[in-house]
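Visitor: Provided herewith is a single structure, encoded as structure tokens, for subsequent inquiry.
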């Protein structure tokens with residue numbers, strides 16, 4: 001299972017197939033740990049391709065290059 005990191009916070013990565021060969025890759029931050037902390041919205045990238053693993057890696061690379069995540073592990 002892939003993981004993405006925003007700073008030192010580990011986030012779950014989900015991959016769902018949409019219509020046809022479109023994949024929705026979402027980075028889901030954990031809920032706030034303490035009262036008053038802001039909750040972060042999921043980051044979603046949609047890509048076309050036949051291969052789930054390539055779509056996952058491509059989406060995470062896009063988010064990293066855009067500065068939305070710091071790093072990822074597949």
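The values are calculated or read from the model by the stated rules, or taken from the named source; none is laboratory data. Keep in mind that what you see is a predicted model, and the values were worked out from it rather than measured. Backbone-built Cβ (ideal geometry, glycine too); neighbour counts: all protein chains shown.
Visitor: Go through segment 45-70 and count every residue that is in contact with a helix residue (DSSP H, G or I) (Cβ under 7 Å, 6 or more places away or on another chain) and exposed (fewer than 10 other Cβ atoms within 10 Å of the Cβ).
Guide: Summing the residues that are in contact with a helix residue (DSSP H, G or I) (Cβ under 7 Å, 6 or more places away or on another chain) and exposed (fewer than 10 other Cβ atoms within 10 Å of the Cβ) in segment 45-70 gives 0.
Visitor: May I ask you to list the residues in segment 19-44 that are loosely packed, with under 11 Cβ neighbours inside 10 Å and in contact with a strand residue (DSSP E or B) (Cβ under 9 Å, 6 or more places away or on another chain)?
Guide: 20 - this is the single residue of segment 19-44 that is loosely packed, with under 11 Cβ neighbours inside 10 Å and in contact with a strand residue (DSSP E or B) (Cβ under 9 Å, 6 or more places away or on another chain).
Visitor: Considering segment 12-21 alone, what residues qualify as being within 15 Å of the chain's Cα centre (by Cα), at pLDDT below 95 and more than 16 Å from residue 54 (Cα to Cα)?
Guide: Residues satisfying the conditions do not exist here.
Visitor: Continuing with the same structure: Considering each residue of segment 45-74, count those that are assigned to a strand (DSSP E or B) and closer than 17 Å to residue 6 by Cβ, and give that number.
Guide: 4
Visitor: If only one of 4, 55, 24 is under 10 Å from the mean Cα position of the chain (by Cα) and touching a residue at least 24 places away in the same chain (Cβ under 8 Å), which one is it?
Guide: Going through 4, 55, 24 in turn, just one is under 10 Å from the mean Cα position of the chain (by Cα) and touching a residue at least 24 places away in the same chain (Cβ under 8 Å): 4.
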